[in-house]
Structures are given as C-alpha cells and as structure tokens.
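Bear in mind these aren't lab numbers, they're just calculated from the coordinates by the rules spelled out. This is a predicted model, so every value here is computed, not measured. Reconstructed Cβ throughout: ideal geometry from the backbone, glycine too, with neighbour counts over all protein chains shown.
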Amino acid sequence: MIDSYSRSTQAHGATTFCHIRRDGHRIAFVVAGAPDGVPLVVLHGGPGSGSRTSQLRGFDLARFHVVLIDQRGAGASLPSGSVRHNSTARLVGDMEAVRARLGIERWGVVGGSWGAALALAYAGAHAERVLGVVVRGLFLTSRREVRRLFVGSRKRAPQEWQALAQAAACDGGRASTLFARCAQALSPRSATPRSRAVALAWHAYEDAVLASVHSRRKPQPARIPHVATGRLVMKYRIQAHYLSHDCWLGERRLLALARHAASAGVPLAAVHGMRDPVCPIENARRLVRAVPAARLDRIDAGHLGNEPRIATALAQAIETMFGWTPSSNT
C-alpha cells in the first residue's frame, strides 16, 4: 500500500502527501484534484530542486488529477541529497511505480527544464502509458549546455561567477574547470564548509544569470538560514551528480526517445522562452527538427515557469493537450 503521511483539504477534493519505498529511497509525491479527472504527472527541474505545492495553482483541480513527484533525494524524498542508486533510469522506474500504485492506466506528463528532459525520457520508455507530453524550457542534457552555463554565461553575472570560482577553488579562475571543481566540492566526501560555500555561490550565480534576462540590475542577495543552506548543498550535490553523467542521456539519445514516443502516437508540445539564458531556444528547435509533429510556442520571456507569459502559455498548452482528453484511471 501507499504510505500517506498527511492530508490537507482543497476546494476540489484533498491534497494527499504520500510516499513509496524503492531500493533504499523513500519517494515522496503529492496527489491533488479530482479523482476522476484527467491524470497528469508534473516533473520538477533541477535536478535536485523538488516540487512545490504552489505548482498546483496552474491546474484546474476540478478537472485534473495532478501528481507531483519529488525525485530521489530531492524535496521531501529521503535520504535527502543522496546520489546512491540515483540515476535517470531509476527516476523513470519511480514514475512507473507511482503510476501503478495509484491505479492510473495512462497519464499526461508535464515537465520544465530538467523535468522536460525526464518527461521525454519517460515517454520514450513507456509510450503506452502516456496521453501526451508538454514541456517548458527544454534542457537537452548536453555538455554544450553545461559549458554555456558555467563558461558562456559568466558575462551575464561576472561578480557572482568570480565568487563561485573562488568558493570552488577553481585553479587560476579557469572557466573550463569550474563545473568539475564545483562537483568535486559538493561530493559527499567533501568538507562541509566548502560544500556550503559552493552551494551558496552556485545559487547566487544561477539567480543572477536568470535575472539578467529581465534587468541589468543585480538581484539583492538574500540572507539564507543555516538550515536552508544545507538544503542547497543537497540540491546542488544531486545536480552536479546528474550533470557529471550527462544525466545518463545526452542530446542524441534524448531526441531519439522523443522520436520513439512520437512514432508510438504520443503528442508532444513545447513552450520555450526566446530569451532563456539557461536552456536556449535552439533546444526547442532541435526538438521540432527531430519530431516535426511537435507543437512549439515561442514566448518573449526567459526560463522560469512562474514568469507570467510562460505560465499563461504553459496553461494553454496543457488545456489544448489534455483539456478534452478522456481520463483512464482504472
């Protein structure tokens, strides 16, 4: 049986917090909305970020049955920050286990950034279980994108980049070695003070790069509590773990999985910001070249799903894809 560890009431039914156990991990997930609604699973980015119940606001819970899954080691899943038995294939297996436990025959898959890549990977592996896929700000899991973030984007936030290079003890400030040094610092074997310094600096750099799309004014650094800093260490430890392994996918394999899903009859739709500083619009174009039937909505916006234009376009894509889809919950 599913272990349910708390419950809260929403306007349309209950939001239930649950978990399942798989090979040493406790996978947390949230179920909300109409039990007889169109089932949707929503995949967070990161890797390592975790879901937020605020994401439920983007769905009509009177018509949709929404499942938010915290990927291994992320969010409420335990052990927090664990990279043991933590890979893309195991995340796909976790999704299948949650689907089976909930008695859902087929569901729609929605994901942003890294969650978009995971959505395509799942659809390619289990096309028979997927009603359709909607992705936002697609990450193609390529080394090119990682280099773009840690090397190419440093001009967007030079002060934050220098702080990150210093925290990671990057030799001579060499941009090409920065990610490797960050990953080393965040390893479970690394000293805690250094891990915390790198996690805080990575977070500040990432925020500054994202903010650079909208304004050249620097975001004001916020004071992060000690406990929250620990969570950042766990988040970026998982992220470094995945990026160090090309997320066990890589661009060619990911696009091949998307083609396989489409050839099996799974419809694909993408929403992508034209000014995305993390996952460039070319990523979405590459998806459409690989899957010409995929629908692409280009938005004058950046990367984040909570940007108003992105949120509106994503809601419309979900409505178009799943609004009139008959549910299959048995």
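Averaged over every viewing direction, what's the projected area of the C-alpha convex hull for the stretch 143-246? Give it in nm², one decimal, please.
Numbers: hull surface 25.4 nm².
In nm², the orientation-averaged hull projection of the stretch 143-246 is 6.4.
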(request) Take the chain, connect every pair of alpha-carbon atoms lying under 10 Å apart with a spring to form a Gaussian network, then pick out the residue of Arg99, Arg136, Arg84 with the largest mean-square fluctuation. (result) Arg84
(request) Taking H placed 1.01 Å from N in the peptide plane, check which residues at least 5 places from Ala14 or on another chain put their amide H under 5 Å from its amide H. (result) Gly33
(message) Amide H of Arg22 versus every other amide H placed in the peptide plane: which residues, excluding those fewer than 5 positions away on the same chain, fall under 5 Å?
(response) Ile27
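Dipole magnitude of the chain about its Cα centre, charges +1 at Lys/Arg Cβ and -1 at Asp/Glu Cβ only, in debye to the nearest 20? Let's see the in-between values first.
Details: 44 positive and 22 negative charges, 212 e Å.
Approximately 1020 debye in magnitude.
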(message) Once each part is reduced to its C-alpha centroid, what is the distance from the stretch 51-104 to the stretch 189-211 in angstrom?
(response) 25
(request) Mind putting a number on the dipole of the stretch 143-246 about its Cα centre? Charges go on the C-beta only, +1 for Lys and Arg and -1 for Asp and Glu, and I need it in Debye to the nearest 20. (result) 140
(message) Using only alpha-carbon positions, what ratio does the radius of gyration of the chain give when scaled by 2.2 N^0.38 Å?
(response) 0.96
(request) Just subtract the alpha-carbon distance of Asp60 and Arg298 from 0.36 nm times their residue separation and send over the number in nm, one decimal. (result) 83.3 nm
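How much net charge surrounds Leu43 when only other residues with a Cβ under 15 Å from its Cβ are counted (Lys, Arg +1; Asp, Glu -1)? Don't skip to the answer; put the middle values down first.
Numbers: positive: Arg52, Arg72, Arg90, Arg99, Arg129, Arg136; negative: Asp70, Asp94, Glu96.
Once positives and negatives cancel, what remains is +3.
Beta carbons within 10 angstrom, averaged per residue: use that to sort the peptides 87-94, 19-26, highest first.
Values: 87-94: 18.4, 19-26: 15.4.
The densest-packed peptide leads the list: 87-94, 19-26.
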(message) Tell me the Rg and the Dmax, in Å, that the Cα atoms of the stretch 1-145 produce.
(response) 14.2, 44
(message) Please arrange Ser263, Ser113, Ser153 by how many other C-beta atoms lie within 10 Å of their C-beta, fewest to most.
(response) Ser263, Ser153, Ser113
(request) Compute the signed sum of charges (Lys and Arg +1, Asp and Glu -1) over the other residues within less than 13 Å, Cβ to Cβ, of Val198. (result) +3
(message) Please identify the DSSP H helices in the chain that span no less than 20 Å along the helix axis (Cα) and have a mean Kyte-Doolittle hydropathy of -0.5 or more.
(response) 88-102, 192-211, 226-244, 308-322
(message) Can you give me the long-range amide H partners of Asp297? Hydrogens built in the peptide plane at 1.01 Å from N, cutoff under 5 Å, separation of 5 or more residues or another chain.
(response) Ala270, Val271, His272
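By how many nm would the segment from Arg143 to Arg285 lengthen if fully extended, with 0.36 nm per residue of separation less the alpha-carbon distance? Walk me through the intermediate numbers first.
Numbers: separation 142, 0.36 × 142 = 51.12 nm, distance 1.76 nm.
That works out to 49.4 nm of additional length.
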